[in-house]
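Below: the structure, in structure tokens.
The values are calculated or read from the model by the stated rules, or taken from the named source; none is laboratory data. The structure presented is a predicted model; accordingly, all values stated were derived computationally and were not measured. When we count neighbours, we look across all protein chains shown, and the Cβ atoms used for this are built from the backbone with ideal geometry, even at glycine. Quick note on the areas: whole protein, heavy atoms, side chains included, nothing else; ligands and nucleic acids left out. Shrake-Rupley method; radii C 1.70, N 1.55, O 1.52, S 1.80 Å.
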Amino acid sequence: MDKFDLNSFDTVSACNAGAEIELKDPWTGASTGAFITIMGEDSEVFKNAFYKIRNRRNMEKAQAERQRQAAPILTAEQEEEDNIELLAACTKGWRGIARDGVEIPFSQEAAAQFYRQFPKFKQQANAAIGALENFIKAS
């Protein structure tokens, strides 16, 4: 009998290593030749970005309470921006993403703008970050 090896369940290390994901045509599902490199939801990058956003929201609420004001209401727009901030933090690079035939240089700011402008690709990145099979390969 094979020994139970915890390394095969180490999602933190796997998500920290990241994965390259090919973006698919949102309408046909066809390959696009465009790839993003992302960190998974169990990665330190994801956790740190998530904590930063959550702590900022908690501090805003605490500050309002100290000033005896109504706690700020988190709008849908703010939630969307928080999600884009988290996705951009977890996006570590790309290749094959171009506009007018010119490859767009990667940066966190460029990634955030990309996710704002192309919500179907934002949905793909969101799904990919949470899909452990992108990070843990079957043996």
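Taking region 1-22 as the range and being in a helix (DSSP H, G or I), touching a residue at least 60 places away in the same chain (Cβ under 8 Å) and β-branched (Val, Ile, Thr) as the test, only 11 passes.
Residues that are under 21 Å from the mean Cα position of the chain (by Cα), over 16 Å from residue 126 (Cα atoms) and exposed (fewer than 11 other Cβ atoms within 10 Å of the Cβ): does region 12-23 have at least one? No, because not a single residue in region 12-23 is under 21 Å from the mean Cα position of the chain (by Cα), over 16 Å from residue 126 (Cα atoms) and exposed (fewer than 11 other Cβ atoms within 10 Å of the Cβ). The number of residues in region 81-107 being open to solvent by 40 Å² or more (accessible area, probe 1.4 Å), acidic (Asp, Glu) and either under 16 Å from residue 37 (Cβ atoms) or touching a residue at least 12 places away in the same chain (Cβ under 8 Å) (or both) comes to 2.
For region 65-80, a residue qualifies if it is open to solvent by less than 80 Å² (accessible area, probe 1.4 Å) and at pLDDT below 80, and the qualifying residues are 71, 72, 74. Among the residues of region 34-49, none qualifies, meaning not one is aromatic (Phe, Trp, Tyr) and open to solvent by 50 Å² or more (accessible area, probe 1.4 Å).
Every condition in (1) at pLDDT 95 or above; (2) open to solvent by less than 90 Å² (accessible area, probe 1.4 Å); (3) not hydrophobic (A, V, I, L, M, F, W, C) holds for residue 134 except the one numbered (1).
On inspection, residue 85 fails the criterion of being farther than 16 Å from residue 40 by Cβ, among the acidic types (Asp, Glu) and at pLDDT below 95.
For region 23-50, how many residues are touching a Gly at 6+ places or on another chain (Cβ under 9 Å) and either part of a loop (DSSP other than H, G, I, E, B) or more than 19 Å from residue 88 (Cβ to Cβ) (or both)?
6
Exactly one residue out of 110, 128 is free of Cβ contacts under 8 Å to residues at least 12 places away in the same chain, in a helix (DSSP H, G or I), within 29 Å of residue 12 (Cβ to Cβ) and in contact with a strand residue (DSSP E or B) (Cβ under 9 Å, 6 or more places away or on another chain), and it is 110.
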